[in-house]
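Student: First the structure, then my questions, so here it is.
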Amino acid sequence: MMSFTYLIVVIITAVIIVIAALGVAKAISPRSYNPQKGESYECGMPTQGKSWMQFKVGYYLFAILFLMFDVETVFLFPWAAVVQNIGVQGLVSVLFFLLILVLGLAYAWRKGALEWK
């Protein structure tokens with residue numbers, strides 16, 4: 001029961017800190033309502049044509065694949081820090097995790113998601 005109370009206190013504290021940070025940022029942020037700030041900006045030059053246009057789905061697939069392997073790296077860092085202490089069970093679980101990711105990479109490769117056309 002005592003650990004549950006600590007959890008509630010941590011969650012309430014986190015919510016209060018987030019609300020306070022957003023409130024302080026809103027209170028002290030500069031307010032300049034220049035219409036030029038609402039325009040699209042690209043390399044210091046004014047945009048030509050419509051700003052709202054469709055992109056090829058390949059860009060999104062490439063971004064999702066990048067995020068997938070970025071998250072893989074984030075999950076492997078803690079494992080690398082404690083690899084000597086977790087034993088064979090930890091090694092098997094990480095190998096299973098890597099197998100799933102390699103299968104995902106093989107699927108994306110076979111579907112042509114990695115080709116930049």
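Since every read-out is calculated from the coordinates, none of them should be taken as a lab result. Note that the structure is a prediction, hence the values are computed from the model and not measured. Note that we place each Cβ from the backbone using ideal geometry, even for glycine, and neighbour counts take in every protein chain shown.
Student: Multiply the residue separation of Ser3 and Thr73 by 0.36 nm, subtract the distance between their alpha-carbon atoms, and state the gained length in nm to one decimal. Before the final figure, lay out the partial values.
Tutor: Values: separation 70, 0.36 × 70 = 25.20 nm, distance 3.14 nm.
Taking Ser3 through Thr73 to full extension adds about 22.1 nm, to one decimal.
Student: Now, a different point. Under a 10 Å cutoff between Cα atoms, tell me which one of Gly58, Gly87, Gly104 has the largest fluctuation in the Gaussian network model of the chain.
Tutor: Result: Gly87 has the largest fluctuation of those listed.
Student: Pairs on different chains or at least eight residues apart, Cα atoms closer than 19 Å: how many lysine pairs in the chain fit? Let's see the in-between values first.
Tutor: Numbers: Lys26/Lys37; Lys37/Lys50; Lys56/Lys111; Lys56/Lys117.
So the count of such lysine pairs works out to 4.
Student: Which number do you get for Rg(Cα) / (2.2 N^0.38 Å) in the chain? It would help to have the intermediate numbers written out before the result.
Tutor: Numbers: Rg = 23.3 Å, N = 117, 2.2 N^0.38 = 13.4 Å.
The value comes to 1.74.
Student: Counting other Cβ atoms within 10 Å, keep those with at most 15, restrict to DSSP loop, and tell me which trypsin sites (Lys or Arg not before Pro) in segment 1-39 are left.
Tutor: On the way: sites: Lys26, Arg31, Lys37; in loops: Arg31.
Passing sites in segment 1-39 are Arg31.
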